[in-house]
Amino acid sequence: MKIRSVLLMLPMLWMACGCSSSSDDNDMHPTPIDPSSEESSHSASGTGLIGNLILNMSTDKARYNPGETVHFSVEGDLPSNARVRYRQAGTVVADEALSSAEWTWTPPTADFKGYLADIYTKDGETETIYGTIGVDVSSSWSRFPRYGFVADYDKSKTPATIAEETAFLNRCHINGIQYYDWQNKHHYPLGGTRSSLLDTYKDIANREVVTQVVKDYISTHHSYGMKTMFYNLCYGALDDAAGDGVNSQWRIFTDQSHSNPDMMYMPSGWKSNIYLMNPANTDWQQYLADRNDDVYANFDFDGFHIDQLGSRGTVYDFQGNSVNLPLGFSSFIQSMKTRHPEKLLVMNAVSNYAAKNIAQTGCMEFLYTELWSGEGQFEDLLKILKANSIYSGGSLNQVFAAYMNYNQQGQNFNAPGVLLTDAVMFAIGASHLELGDHMLCHEYFPNKSLAISKQLRQSLIHYYDFLTAYENLLRDGGNETVSTLTSTRSGITVNAWPPKLNAITTYSKTIGNTEVVHLLNFSQANSLSWRDLNSDMPEPKLISSLPLRMRATGVKRIWVATPDELGGAPQEIEFHQSGSYVTFTLPSLKYWTMIVIEK
């Protein structure tokens, strides 16, 4: 599919040096200029930027090890004088002429770095950008996780279909895949026996699973450098579990006399309800580890995506003792890691239940939180991310499983709701589990009641390029700050986090000598919930040439980037330093623009 051509001429309108207007006098944070300070104006390179995104760029992997060569290809008509440029953050690290639709590049050997490659031409002082793509050079996927999923494994999943699905996930740099409901039974995931696999079997919903399809997915995902994680509950067993060697006394109960086993009730026509085991029971742990041995002996999975059901209230073991599920989860995780130390582990914290216990096992690749109504506000996203960062000692990044447009069926996802939510998640340093063999709208991953439009699909490519290319500014540490950014334009309100309606919200942090300020556009938002339950979040109006002012000293350079224009390519900004304040003009803001101030 060719990228839709967009022509965006961005006006370079700057605030006048040393001039004040009536709106300046009404600034919310007026500060007298220090007469002893030195005033200075700084110009950008003088190069005008035009976006004409007619080229569809791709790479051969979602993630590269240091020293590994990146293979690029491009679809579309390549200009005769095209060049390709590679940047780390806002710094060009290589630039060369481009004459072929396929080429290679070996990035610098530094580990855990994101790059943006762009194809451009230069005519005098004007540059035209034709295509962009992110590149992640990281020896481990867990540093910057971008998690996807697959949920169907029937005969319709031919090798060609799997290749097409995976190519799109690769284009979005998805570096790990959760294999949802691939298993035969929760307590006995393998279809068949260790020595004799079934060609086909039924999952919990009595859907067909083709063993070869699961294997084809694994090999295809691996060919793009993606990690593969098989899904299963940490404590699920079906009603026939006793026949497979599961002792019913390993269950948890809602009463002390073990008369009422705790269970998850499933729809009529499914295989069984799911009975819940005590995750701390060592016999159960050994039993499931044995079953995982069978899985690993037959499928080349990289690890185990562990699920839970959130708080179950007060529950008891068979002997009538109260069960501490968070501690049980810790024990279960440690047991799985001890049994298969080379395998990767991720565990869901439903509504962040037991997140501290999960994080502090030291066994997680990253932190994964399934969000619900209790965490339904935009400000909840940062609260959870910060809490989890404390739990892990700042060592683990965050993935949110968050289901958009939950009340809607039989239509497309609402693009404004999806993009505003992704903008906030990405800006604060998280990623969003949403892309797979379809786009995710429900906790039952096979649910396909909503479709993704071509326009949203293309926007998401730009957003995931942005998340990847600027990962070191978005997800690689730093100290949160409170931005002093204001605007002198009438009718524009700028506020520091948390988000407010009818305003532009900033989220900012410092990374070394660099200050990064994210502008998130809530000017037309009708809700402060990320869920956009009824698909009615309106599209924000484009704000152009916005004059801004903020407290900053020793500024050497300002540049901006947005996934909403120019494919995320950075734009150098002219600025005026006067005392302890700097003024400049933001070229544009749609959903999200990132300002980078280098000192």
Quickly work out the N273-to-A503 label distance, labels modelled 7 Å from Cα along the C-beta direction, and quote it in nm with one decimal. 4.8
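Length gain on complete extension for the stretch A242 to T282, per 0.36 nm per residue less the alpha carbon to alpha carbon distance?
On the way: separation 40, 0.36 × 40 = 14.40 nm, distance 1.69 nm.
The A242-T282 span can extend by a further 12.7 nm.
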What ³J(HN,Hα) values, in whole Hz, does the Karplus curve 6.51 cos²θ - 1.76 cosθ + 1.60 give for segment 263-274 when θ = phi - 60°, with x put for Gly and Pro? 8, 9, 7, 9, x, 4, x, 7, 4, 5, 5, 10
What list of whole percents do you get for P(r) of segment 107-158, with Cα-Cα distances grouped in 10 Å bins up to the one holding the largest distance? 18, 27, 25, 23, 7, 1
What's the angle, to the nearest 10 degrees (0 to 90), between helix 378-391's Cα axis and the longest principal axis of the chain? 70
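What FRET efficiency, computed as 1/(1 + (r/R0)^6) with R0 = 22 Å and r the Cβ-Cβ distance, is obtained for E379 and N407, rounded to the nearest 0.05? Write down the numbers at each step before the final one.
Working: r = 22 Å, r/R0 = 0.98.
The computed FRET efficiency comes out at 0.55.
Please report the antiparallel percentage of DSSP beta bridges with both residues in the chain, rounded to the nearest 5.
Values: 91 of 130 bridges.
About 70 percent, rounded to the nearest 5.
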Checked segment 291-396 with the C-alpha gyration tensor, a ≥ b ≥ c its square-rooted eigenvalues, rounded below a/c of 1.5, otherwise prolate if a/b is larger than b/c and oblate if not; verdict oblate
Only four residue types carry charge here, +1 at the Cβ of Lys and Arg and -1 at the Cβ of Asp and Glu. Report the dipole size of segment 167-289 about the Cα centre in Debye, rounded to the nearest 20. 420
Distance from the Cα centre of segment 572-599 to that of segment 279-325, in angstrom? 51
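Counting only protein heavy atoms and using a 1.4 Å probe, what share of the accessible area of segment 107-213 belongs to carbon plus sulfur, as a whole percent?
Working: 1680 of 3360 Å².
Looking at segment 107-213 in its full context, I get 50 percent from C and S.
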Starting from the Cα of R339, move 7 Å in the Cα-to-Cβ direction to define the label point; list residues of segment 349-375 whose amide nitrogen is under 19 Å from there. 358, 361-365
Please give the helix 325-339 orientation as an angle from the longest Cα principal axis of the chain, in degrees from 0 to 90, rounded to the nearest 10. 80
Rounded to two decimals, what is the ratio between the C-alpha radius of gyration of the chain and 2.2 N^0.38 Å? 1.03
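What FRET efficiency do you get for K215 and T493 if R0 is 51 Å and r is their Cβ-Cβ distance, rounded to the nearest 0.05?
Numbers: r = 55 Å, r/R0 = 1.08.
E(calc), rounded to 0.05, equals 0.40.
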Modelled label-to-label distance, D255 and D536, 7 Å Cα→beta-carbon offset: nm? 4.5
Extension reserve of the S140-A289 stretch, reckoned as 0.36 nm per residue once the Cα distance is removed: 51.2 nm
How high is the FRET efficiency between E96 and N321 when r is their beta carbon distance and R₀ equals 51 Å, given to the nearest 0.05? 0.15
Paramagnetic reach from I511 (point 7 Å along Cα→Cβ, amide N under 16 Å) across segment 113-127: 113-117
With θ taken as phi - 60° and the coefficients 6.51, -1.76 and 1.60, list the Karplus ³J(HN,Hα) couplings across segment 315-321 in order, rounded to whole Hz; mark glycine and proline as x. 10, 10, 8, 4, 7, x, 7
In Å and on Cα atoms, what radius of gyration and Dmax does segment 420-574 show? 16.6, 53
Compute the Cα gyration tensor for segment 106-223, then decide on rounded, prolate or oblate, letting a ≥ b ≥ c be the square roots of its eigenvalues: rounded whenever a/c is under 1.5, prolate when a/b is larger than b/c in the other cases, and oblate in all that remain. prolate
Percent of C-alpha pairs per 5 Å bin, segment 515-583, short to long: 3, 12, 19, 19, 16, 14, 9, 6, 2, 0
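Suppose we flag chymotrypsin sites (Phe, Trp or Tyr not before Pro) only when DSSP calls them loop and at most 13 other Cβ atoms lie within 10 Å. Which is the longest uninterrupted stretch of the chain?
Answer - 1-264.
If you count the DSSP beta bridges with both ends in segment 473-547, what percent of them are antiparallel, to the nearest 5?
For segment 473-547, the DSSP antiparallel bridge percentage is about 80.
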From most to least accessible, 1.4 Å probe, no ligand or DNA/RNA atoms counted, R549, R475 line up as R549, R475
Quick one: check the C-alpha center-to-center distance for segment 223-264 versus segment 370-384, whole angstrom. 28
Helix 159-171: angle to the longest alpha-carbon principal axis of the chain, degrees 0 to 90, nearest 10? 40
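May I ask you to compute the full-extension gain from I390 to N206, defined as 0.36 nm times their residue separation minus their alpha-carbon distance, rounded to one decimal in nm?
Working: separation 184, 0.36 × 184 = 66.24 nm, distance 4.16 nm.
The I390-N206 span can extend by a further 62.1 nm.
The values are calculated or read from the model by the stated rules, or taken from the named source; none is laboratory data. On a predicted model such as this, the values are computed, not experimentally measured, just so you know. Positions of Cβ are backbone-derived with ideal geometry, glycine not excepted, and every protein chain shown enters the neighbour counts. Ligands, DNA and RNA are excluded from the accessible area calculation, which covers all protein heavy atoms including side chains. Shrake-Rupley method; radii C 1.70, N 1.55, O 1.52, S 1.80 Å.
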